[in-house]
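Read through the structure below, which is laid out as structure tokens, and then see the notes.
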């Protein structure tokens, strides 16, 4: 009894993959064709990306369109697996994909597999159509040339027939008539043409319109007045509602005498009209009753009519009443009105059933001519003849996919399943080019469609991003996001200009429009606190200088005004009334002195404390530096560890599966700083060199003094200095015997005193 499972010994061995770690990211390596055809067995959690857009990447868009089976503008993981399965069925040796050639040998196709045999037959038909029936390989140029031939041919297999494909002038005119009433479909050559649904719709509508027109000829009640019926019905239709309103009002007045006055509208409405500037055809007048309402009163057609309706009633009287009633009457009774409507009722019903179609503009005679001439069958035959070439069109598309897959699939996988092209710096498909700005070249630049939307997600990348508007001669525009991954951000700001080179080598003018600020390097973080401190000092000095300059300008203005108006000034006041001169505030001077003294005392105390530590002094200095720069460096280190390419690409429509790190060494390779070539000749004699000899002398003396004080504090200079300046002075030890002490102590006492100099009097032991 079998269990239905394959014995372990007969199961195929799992495919052996190879992974490498580059830039802190573990990625699969495609070594051969076997890795490609077994891609479906690789856990998708190990894929770098699961989807990418077909637009906005540096890759052949036609190839991406052929990989996008569902035409949604994105290539997704299931579609990639589908194409690798197709490769397994079509190629005898999938290693051919690693060569990246656009020439496929027919011998490399697997004719033992149905899919391989089908593509082989398609390739042979393509070569035969291209006049290369004896060729042993098919190239992309063969397919491209054949596609161009299809676009220019009368019949190219797209089942769309343009006017130029008509065999004669009559058929061409019929085809143009159809295109004048129905929107054509562009064929492969871009010319508008007709399809079978368009032909069917046109002739169906034409037949319905002709059938409707013939119905009037079969029923005499429809065209009761002959050629005058249409004019009579039109005139009736214009006044129908107003005359119905009139007879309804007179009927109501006959029912109740009180309604007669009300049916003629209120006097207040006429008063309101009286104050306006009126015209006989104005809307306000047209809303009034057609004529004066009275019980059972007929409608007079010549006098007493509403001025706004006189013209329409006159047309109705001549075109409708006279033909239908046989006389030109001056009045119309309710019975006459019903009689007129009854005679034209069949025509009205017939008109309401008229098909609404754009084919009517060709006229009934032309429509009948097209139907009788058998043009529906002729055009259908042309479409079928064109559709017969569809097989060759499908062959060309299949062979094109075959060639492009062999040429581009390996590179695509190295930018989708793994990012080996990016981490090996061969140029990933999402890299738009290189930005040169601030003495740096930034290779990680991506094209951006919607900058505000992109910036929301790209900020999570923890990278320093600069969005740039790029323009080129001819009005071309593009937006890029450039990642600065080395150096500092001291001179990066909105408005700075640079040059961007796209992957084709074309140069664009680039201007920074937005910055997402994040640490660039540990070195930048180390100097950041000191730079901030210096900037604060510079800002305060600038503010003080500006305030002093403003005060000076005010003083100069006052003095100039005083001199200019000296002759107009008041007589000098007596010494008794002269205001006292403002003297310097002694308290202010004292406060400034105390502040400066406190600062000097603090700095001196700090220096003394450091010097007193002896050999530990360097470590103390390092500790101070670490306390200042440490927090900034720690934050930068944490953010640089989180720097990730994923959000930058996700904001562009990718589905990045893993954390694509950009560590410090790799970031340094992506953003290169200016460096003079080692073989270059550098002339250091600067004619405009700014000398800093005085500054350097002061710094050197300060360093020398600090070094000497340090050596003196730890006693290394004692042998070179007079005894009075010794840091560690000699001592004199005196021992007092216990017998000389009072109290009967049994222990000797040792006393240490500074050594006595030669000039001092001799000490006595007492």
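I'd like the distance separating the alpha-carbon centroids of region 66-141 and region 160-175, in whole Å.
Answer, in whole Å: 37.
Can you give the extra length, in nm with one decimal, that the chain gains between residue 371 and residue 261 once fully stretched, where that is 0.36 nm per residue apart less the Cα-Cα distance? Each step should come with its number before you reach the end.
On the way: separation 110, 0.36 × 110 = 39.60 nm, distance 6.18 nm.
Separation in residues times 0.36 nm, less the Cα-Cα distance, equals 33.4 nm.
How would 543, 661 line up from fewest to most surrounding beta-carbon atoms within 10 angstrom? Show your work: numbers first, answer last.
On the way: 543 10, 661 19.
Going from least to most buried by this count: 543, 661.
Fully extended, how many nm does the chain gain between residue 22 and residue 314 (0.36 nm per residue separation, minus their Cα-Cα distance)? Intermediate values should be presented prior to the final figure.
Numbers: separation 292, 0.36 × 292 = 105.12 nm, distance 9.42 nm.
Length gained between residue 22 and residue 314: 95.7 nm.
Within a 10 angstrom radius of the beta carbon, how do 398, 504, 552 rank from fewest other beta carbons to most? The partial results should precede the final answer.
Numbers: 398 19, 504 7, 552 10.
Final ranking by Cβ density, sparse to dense: 504, 552, 398.
State, to one decimal in nm, how far the label point of residue 397 lies from the label point of residue 106, with both points 7 Å from Cα in the Cβ direction.
2.4 nm
Would region 226-343 count as rounded, prolate or oblate if I go by the C-alpha gyration tensor, calling it rounded below 1.5 in a/c and otherwise prolate when a/b exceeds b/c, oblate otherwise? Intermediate results must be reported in sequence, preceding the final value.
Working: a/c = 2.63, a/b = 1.45, b/c = 1.82.
Here region 226-343 falls in the oblate category.
Going by how many other beta carbons lie within 10 Å of each one, how would you line up 263, 622, fewest first?
622, 263
For residue 277 and residue 361, what is the calculated FRET efficiency with R₀ set at 56 Å and r taken between the beta-carbons, to the nearest 0.05?
FRET efficiency, residue 277 to residue 361: 0.85.
Extension gain residue 709-residue 552, at 0.36 nm per residue separation less the Cα-Cα distance, in nm? Working shown, then result.
Numbers: separation 157, 0.36 × 157 = 56.52 nm, distance 4.48 nm.
Between residue 709 and residue 552, full extension yields an extra 52.0 nm.
Label residue 147 and residue 473 with points 7 Å out from Cα along Cα→Cβ: what is the distance between them in nm?
That separation, rounded to one decimal, is 3.1 nm.
Using a 7 Å offset from the Cα along the Cα-to-Cβ direction at both residue 511 and residue 565, what is the distance between the two label points in nm, to one decimal?
4.8 nm
Only the coordinates and a few stated rules stand behind these numbers; no lab work does. Please read these numbers as outputs of a predicted model, since none were measured by experiment. Heads up, the Cβs are rebuilt from the backbone with ideal geometry, glycines too, and the neighbour counts pull from every protein chain shown.
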